[in-house]
1. Treating the angle as unsigned and between 0 and 90°, give the value, to the nearest 10°, between the Cα long axis of helix A:123-151 and the longest Cα principal axis of chain A.
2. How about B:Lys305: which aspartates and glutamates have a C-alpha closer than 12 Å to its C-alpha, ignoring those fewer than 8 places off in the same chain?
3. Taking the Cα centre of the stretch A:227-278 as origin, work out the dipole magnitude from +1 charges on Lys and Arg Cβ and -1 charges on Asp and Glu Cβ, in debye rounded to 20.
4. For the cross-link pairs A:Lys250/A:Lys291; A:Lys87/A:Lys266; A:Lys223/A:Lys266; A:Lys19/A:Lys87; A:Lys234/A:Lys258; A:Lys168/A:Lys264, which exceed 21 Å when the distance is taken from alpha carbon to alpha carbon?
5. Students often get this wrong: which residues of the stretch B:199-243 have the backbone nitrogen under 20 Å from the point 7 angstrom along Cα-to-C-beta of B:Ser257?
6. With each run of n ≥ 4 DSSP H residues scored as -39500 (n - 2.57), what mean residue ellipticity at 222 nm is computed for chain B after dividing by its residue count and rounding to the nearest 500 deg cm²/dmol?
7. For the stretch A:24-57, list whatever residues lose no less than 30 Å² of accessible surface once every protein chain is in place, relative to that chain by itself, with the probe at 1.4 Å.
8. I'd like the distance separating the alpha-carbon centroids of the stretch A:272-320 and the stretch A:167-225, in whole Å.
There are 2 protein chains.
Amino acid sequence: MTQYENRLAAIEHYLTQKKYPLEPAQLYDPIQYFMALGGKRIRPLFTVLSAELFGGTLDNSLPAAAALEMFHNFTLIHDDIMDGAPKRRNLPTVHEKWNSNIAILSGDALMIYAFQELGQYEASTFKSLSILLQKTAIEVCMGQQMDMDFERMEVVSEAQYLEMIRLKTSVLLGCACAFGGILEKTTSTNIDHLYRFGEHLGIAFQIQDDILDAFGSESKVGKQIGGDILSDKKTLLYTTFQQRASSAEKAKHQYLSKASPEEKIKGIKQLYLDGQVLEYCKAMQEKHWQKSQDHLNEIETDVSKDGVKELLNFIIHRNY
Amino acid sequence: MTQYENRLAAIEHYLTQKKYPLEPAQLYDPIQYFMALGGKRIRPLFTVLSAELFGGTLDNSLPAAAALEMFHNFTLIHDDIMDGAPKRRNLPTVHEKWNSNIAILSGDALMIYAFQELGQYEASTFKSLSILLQKTAIEVCMGQQMDMDFERMEVVSEAQYLEMIRLKTSVLLGCACAFGGILEKTTSTNIDHLYRFGEHLGIAFQIQDDILDAFGSESKVGKQIGGDILSDKKTLLYTTFQQRASSAEKAKHQYLSKASPEEKIKGIKQLYLDGQVLEYCKAMQEKHWQKSQDHLNEIETDVSKDGVKELLNFIIHRNY
């Protein structure tokens with residue numbers, strides 16, 4: 001994937017070399033720390049590549065790409081407080097390394113800095129980008145609230161689950177792709193296809209994450225397998241099982257919920273296999289993947305889409 | 001003040017009648033609840049009046065005015081978490097009525113909604129307003145962090161204190177006043193005078209608050225007197241005393257710090273009176289008040305400034 005390395009390196013450089021004030025240190029140190037933790041930088045990469053589909057240059061798309069990554073990192077800082085997460089990318093989260101108040105405030109500031117990045121574009125582009133990011137940002141908050149609500153709910157329907165992941169994770173990828181089109185002032189039809197491409201791709205990625213958390217290989221996924229099962233997280237596997245299972249299967253699930261961690265993971269995975277739950281989720285992932293490809297194909301441009309397609313292949317195979 | 005009642009009623013109506021989605025209720029109920037708690041609505045009123053100085057109409061200035069009040073309320077929701085404050089305007093704060101996670105997330109959403117209000121203006125006005133609000137918003141975060149830092153510091157200089165209140169409270173009033181000028185596309189010199197007018201006024205108001213907390217009359221201020229003294233808050237009275245007091249006076253202050261609440265308040269107020277601390281702070285308040293008036297007088301417009309001046313008189317006298 002050497003052809004992406006220069007873009008990724010430019011994104012990384014832009015994000016980590018950005019100059020923030022030195023004082024107050026308790027406000028800015030956490031921002032610098034968190035932005036330097038790394039990450040796949042998928043969202044900014046999609047902005048850059050989407051802009052390239054219409055002849056856009058890296059220099060021009062970097063501020064918009066950075067805005068998305070900064071916004072994404074703000075959501076992570078605040079989500080980590082809400083989830084009580086001690087680690088992020090194997091290092092302490094902001095509220096762990098400093099405290100919750102500092103994590104709230106530095107997250108707030110990072111969100112404002114994200115929107116401020118867009119100030120580098122002329123007024124009409126600035127307005128289009130800002131309005132889409134504002135709409136997206138509100139949706140991400142709605143998705144996070146739904147996710148928290150689900151923790152206290154016994155039954156979550158498939159529709160509710162899909163709407164939650166659409167809001168919490170997919171709209172931001174849709175926004176990232178649409179940004180590229182807005183930057184290059186392509187048609188609103190193309191911008192809409194870019195958005196839908198990113199949105200369905202985001203849903204497919206999230207379903208893939210759900211599947212890998214239970215059925216992936218530990219060494220490739222890079223984290224312990226079965227975490228979602230252990231915490232009874234409402235994933236697509238969970239909601240599909242609840243919807244399709246017989247009374248006997250539900251009773252077995254109930255019994256396994258209180259079993260030892262090892263037995264719980266192994267037993268529930270078997271239930272998911274026996275009941276064609278895994279199969280159904282894979283089909284659902286494929287459906288959204290296919291929809292994303294349809295929208296990508298609909299985009300009208302003279303520039304080749306091979307680069308984007310190759311990147312998608314790379315991401316899909318890297319994750320498995 | 002009947003001439004302001006129609007503006008205040010319009011602002012209140014705009015803020016409380018704004019339609020948010022119904023779901024997720026845990027995200028939107030706190031926003032509706034907090035925005036309905038009321039408040040003096042000073043910031044939006046100054047935007048409306050500043051716009052009127054250049055012939056602006058209420059209808060045109062309302063969205064920008066609302067944006068500032070919504071942003072201000074976002075800061076209150078998050079500050080209340082950080083301060084562990086149980087009440088706001090005699091009612092439970094958001095994190096008390098719901099919980100901290102809900103207060104973090106609904107605050108985040110309210111901040112985005114604040115910026116989104118500006119989307120009602122055409123692109124160049126939208127950009128000017130957004131950029132100023134972004135700059136201001138970051139400064140408010142810096143001020144809040146400095147305020148938190150001060151809690152753990154023994155010595156705070158007058159300069160540090162003034163910079164903290166400038167950032168935490170005054171720049172937003174400066175922004176509110178500048179908004180009126182930006183909306184009506186007046187000269188950059190006028191916009192600068194409007195900003196400085198609001199900024200110095202904000203500093204004068206804050207010093208007045210510090211003084212009233214110790215020397216106001218309980219019935220007029222509407223809260224218990226001496227709270228800042230009891231909590232050893234770094235106010236201008238505190239920093240001035242620390243800077244001017246003799247060793248003997250400092251020793252007495254030290255002794256009084258551990259006395260009963262009643263004795264502590266009474267004794268420290270006497271120290272502030274004997275050491276001309278109160279006198280000095282009043283002079284400082286007057287200095288910033290005078291600067292604000294100078295900037296107001298410098299604004300070039302054919303519209304009378306009497307309305308703004310009358311409002312200022314009203315605010316100053318209402319508070320005493």
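1. 20 degrees
2. Filter leaves B:Glu52.
3. Numbers: 9 positive and 6 negative charges, 20 e Å.
Charge dipole, the stretch A:227-278, about its Cα centre: 100 debye, nearest 20.
4. Values: A:Lys250/A:Lys291 33 Å; A:Lys87/A:Lys266 26 Å; A:Lys223/A:Lys266 17 Å; A:Lys19/A:Lys87 26 Å; A:Lys234/A:Lys258 17 Å; A:Lys168/A:Lys264 28 Å.
Exceeds cut-off: A:Lys250/A:Lys291; A:Lys87/A:Lys266; A:Lys19/A:Lys87; A:Lys168/A:Lys264.
5. So the set is B:214, B:226-243.
6. It lands at -24500 deg cm²/dmol.
7. Flagged in the stretch A:24-57: A:Pro24, A:Gln26, A:Leu27.
8. Each part reduced to its Cα centre gives a spacing of 10 Å.
The values are calculated or read from the model by the stated rules, or taken from the named source; none is laboratory data. Here the structure is a predicted model, which is why all the values come from computation and not from measurement. All Cβ positions, glycine included, derive from the backbone under ideal geometry; neighbour counts span all protein chains shown. Only protein heavy atoms, including side chains, enter the accessible area calculation; ligands, DNA and RNA are left aside. Shrake-Rupley method; radii C 1.70, N 1.55, O 1.52, S 1.80 Å.
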